[in-house]
Amino acid sequence: MTAYLLDTHAILWWFSDSDRLSPSTRALLADPENEFLASAASAWEVTTKARIGRLSEFPMILRDYPTLLVRNGFRDLPVSGRHGLFAGSIDHPHRDPFDRMIAAQSVLENLPVLSTDPALTALGATTIW
């Protein structure tokens, strides 16, 4: 079994069956032998972006996010103090706190991230898409 950390857009695109998911990522997500973790930072990011009007195309996902995680077999990855300390200490000018946290969790938990975001790689995470 291989474990992966999901970037927020990967979660949203999987839940909405978006064609923006690459075929290889879709195959990984559909494979029951894989384990997927969703960072608490993604829940924070989803609700923050919804509050400021940037996720209006995902109303069902916003309403049912915790249920959708469970239904899809995604495990919640809490944010720890260790994650926070590492995220804040990454010496890179990228300022997005969500990206910093997901990168920190990727590095500290040794989890590749399913993501298209090159910022995560710049922050030290291994990404797959």
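Just a few scattered comments:
- Per residue, the average separation of C-alpha pairs within less than 8 Å and at least 6 apart gives the range 3-128 a relative contact order of 29 percent.
- Less than 5 angstrom separates the built amide H of residue 76 from those of 38, all sequence-distant by 5 or more or on a different chain.
- For the range 65-129: relative contact order, % (alpha-carbon pairs under 8 angstrom, 6 or more apart): 25
- What you get for the chain, charging only the Cβ of Lys and Arg (+1) and of Asp and Glu (-1), is a dipole of about 340 debye around the Cα centre.
- With one equal scatterer per alpha carbon and no solvent term, the Debye-computed log10 I(q)/I(0) for the chain at 0.11, 0.22 1/Å reads -0.35, -1.43.
- Segment residue 35-residue 129, length gained on full extension (0.36 nm per residue, minus Cα span): 32.3 nm
- Most mobile listed residue (53, 88, 73) in the chain, GNM with C-alpha springs under 10 Å: 53
- Residues residue 108 and residue 2, FRET efficiency given R0 of 22 Å [Cβ-Cβ distance, rounded to 0.05]: 0.80
- Helix content alone sets the calculated 222 nm mean residue ellipticity of the chain: runs of n ≥ 4 DSSP H residues at -39500 (n - 2.57) each, divided across all residues, give -15500 deg cm²/dmol.
- When the chain is treated as a Gaussian network with alpha carbon springs shorter than 10 Å, the biggest mean-square fluctuation among 46, 70, 79 belongs to 70.
- Each of 53, 101, 5 was placed along the dipole of the chain (beta-carbon charges, centred on the mean Cα), and the one lying farthest toward the positive end is 53.
- Once both labels are positioned 7 Å from their Cα atoms along Cα-to-Cβ, the gap between residue 17 and residue 51 label points is 3.2 nm.
Laboratory data are not the source of any read-out in this text; all were calculated from the coordinates shown. These figures come from a predicted structure and were not determined experimentally. Here Cβ is always computed from backbone atoms with ideal geometry, including for glycine, and neighbour counts include all displayed protein chains.
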